Every structure is written in structure tokens, then in C-alpha cells.
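Just below is one structure, and these are the notes that go with it.
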Amino acid sequence: EPLFRSLRCKAVSREINFSSSEEMKKFRLEQRVIFKGKGLEEWAFDFGFVIPGSTNTWQSLIEAAPEGQMMPASVLSGNVVIETKFFDGHLLVSTSAVRLYYV
């Protein structure tokens, strides 16, 4: 179930800023939303070529599902992990995991 109820908006814009000292030919990321150990949502984004020594910005817009398909923030808080894996082609470059708390 989508995670936008607590935000009370129809879409979320997110921006990733990154730098690379090396050239990457097929930079991409895979992101999973995990709720209590189970995958809820997955996204894959292809950035493509990254110039060595460059700093880049990647922005995406994610639209919310209909109101009846949302989960309340009180249920989500502390139970959601966003796992992001960064790749150059098939080579895993980095992984990050962030647990979300709504206050």
C-alpha cells in the first residue's frame, strides 16, 4: 500500500544529488520500500552516463495512490525502510537503507 497519506498531498518530488570521481556508463538505481520486512513498492531508475568528476542532480515525481489505498502514518512510523541500491550496469556500487519515522 502506498505511503503518502501522512503527507496529505497527491505527489512527492524527490531529488538525489551525487558525485562520481570515475566514469559510469550505465548508472542506475533500484529502490524498495519495505514494511515490517515485506516489500511494498519497488522502483528502478536509469540515469545513464556519468562524466568523471561531475556532480549531478536526479529528480523524480511520485504520484500518490487513491485515498482508500493509503496506510496511516501511525502504522508506518518506524516500520518502513527505504533501501536504495546504486549500480553501474550490473556492478553494485553502493547500498543505503533508511528507516522512516513520522513525527
query: Roughly speaking, to the nearest percent, how much of the stretch 19-103's 1.4 Å accessible area is carbon and sulfur?
result: 52
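Given Cβ point charges of +1 (Lys, Arg) and -1 (Asp, Glu) and nothing else, what value in debye, to the nearest 20, does the dipole of the chain about its Cα centre take?
Numbers: 12 positive and 12 negative charges, 62 e Å.
Roughly 300 debye, rounded to the nearest 20.
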field: P(r) weight above 18 Å for the chain, C-alpha pairs, percent
entry: 53
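Counting GluC sites (Glu not before Pro) as exposed when in a DSSP loop with at most 16 other beta carbons within 10 Å, what is the longest stretch of the chain free of them? It would help to have the intermediate numbers written out before the result.
Values: sites that count: GLU22, GLU23.
Longest gap between qualifying sites, sites excluded: 24-103.
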- request: Would you tally the net charge around VAL81, using a Cβ to Cβ cut-off of less than 10 Å, leaving VAL81 out, and scoring K and R as +1, D and E as -1?
  value: +2
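The values are calculated or read from the model by the stated rules, or taken from the named source; none is laboratory data. Remember, predicted model here, so these are calculated numbers, not experimental data. Cβ atoms come from the backbone with ideal geometry, glycine included; neighbour counts cover every protein chain shown. Note: accessible area is taken over every heavy atom of the protein model, side chains too, but ligands, DNA and RNA are not part of it. Shrake-Rupley method; radii C 1.70, N 1.55, O 1.52, S 1.80 Å.
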